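Q: Handing you this structure, nothing more for now.
Derivation of every value follows stated rules applied to the coordinates shown; laboratory data play no part. Being a predicted model, the structure only gives us computed values, none of them experimental. When we count neighbours, we look across all protein chains shown, and the Cβ atoms used for this are built from the backbone with ideal geometry, even at glycine.
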């Protein structure tokens, strides 16, 4: 999910993607509604590589929060270590829309090599056609990769798209994860069933449930105010995507613990 605290942290790129009512208190209301406790805060594009809003949110949410930052090649090792100490566990490359992108594809390989030494991953938000066009790049990326929003497979192609085969090979090599989020982004059927995306989700579950994590994508910055999805409906979709309760728990609890490093410090806080 993303935090936008525009009064305390003014965006570096004001525009249509800036969200209101999307600071930590509003997010905690969502947590109470859907019953989640862990959080992965991802720096929004409007903040470019200023991660202060994300770090502040991690601090406010406590040991049950981790983060994914945006950095540029001029980031220093000292800065990366400071981010790690503050709870960052990965870096984000969001290039599905060149008009709003704050990183470039040529940054992925060198930055992935640097953050891999910290045990981080790289989060990729690109359209399926972009993923397919960069097929050779993914073989060179040193760090684990997390493909956002199911890999943005276009409909109606879905799992028949070339990007699915690429992501599948990377998963089979133990080099990639998939985030089950943003069902509304590529669905042609739409709410409440998002049935075309359900087929994609179930294909990933059949392929490798141990390589999946779920995300709310709150507050849904790609969607206009009049078209925000219902977060409870999105969360309930997981029961259809993953009917087996043990596998759902793996996706919601165990896999994120591995990918983001949740664990003992949470329990220590609970006992304090």
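Q: Convex hull over the Cα atoms of the range 1-148, averaged projected area in nm²? Don't skip to the end; give the middle numbers.
A: Details: hull surface 36.0 nm².
In nm², the orientation-averaged hull projection of the range 1-148 is 9.0.
Q: Another question, if that's okay. Once you have the alpha carbon radius of gyration of the chain, what is it after dividing by 2.2 N^0.38 Å, with N set to its residue count? Don't jump to the answer; show the numbers that get you there.
A: Values: Rg = 17.4 Å, N = 272, 2.2 N^0.38 = 18.5 Å.
That ratio works out to 0.94.
Q: Springs between alpha-carbon atoms under 10 Å, Gaussian network over the chain: tell me which of 78, 54, 100 tops the mean-square fluctuations.
A: Maximum fluctuation in the GNM of the chain, among the listed residues, is at 78.
Q: Only counting other Cβ atoms within 10 Å, I'd like 249, 92 sorted with the fewest neighbours first.
A: Ordered from fewest to most neighbouring Cβ atoms within 10 Å, 249, 92 come out as 249, 92.
Q: Can you give the convex hull volume of the alpha carbon atoms of the range 115-172 per residue, in Å³?
A: Values: hull volume 4.2 nm³, N = 58.
Taking only Cα atoms, the range 115-172 has a hull volume of 72 Å³ per residue.
Q: Semi-axes of the range 197-267's equivalent ellipsoid from the Cα gyration tensor, sqrt of 5 times each eigenvalue, largest first, rounded to whole Å? Intermediate values should be presented prior to the final figure.
A: Details: eigenvalues 106, 64, 22 Å².
Sorted largest first and rounded, they come to 23, 18, 10 Å.
Q: First check a/c for the range 3-58, with a ≥ b ≥ c the square roots of the eigenvalues of its C-alpha gyration tensor; if it is under 1.5, answer rounded, and if not, answer prolate when a/b is larger than b/c or oblate otherwise. Working shown, then result.
A: Numbers: a/c = 2.30, a/b = 1.74, b/c = 1.33.
Because a/c hits 1.5 or more and a/b exceeds b/c, the range 3-58 counts as prolate.
Q: Moving on. With both partners inside the chain, how many of the DSSP beta bridges are antiparallel, as a percent to the nearest 5?
A: On the way: 1 of 22 bridges.
Roughly 5 percent of the DSSP beta bridges within the chain come out antiparallel.
Q: Right, something else. In whole Å, what is the distance between the alpha-carbon centres of the range 85-128 and the range 43-75?
A: The two parts, judged by their Cα centres, are 13 Å apart.
Q: Right, something else. How do 64, 59 line up, fewest other C-beta atoms within 10 Å first? It would help to have the intermediate numbers written out before the result.
A: Values: 64 16, 59 12.
Ordered by Cβ neighbours within 10 Å, fewest first: 59, 64.
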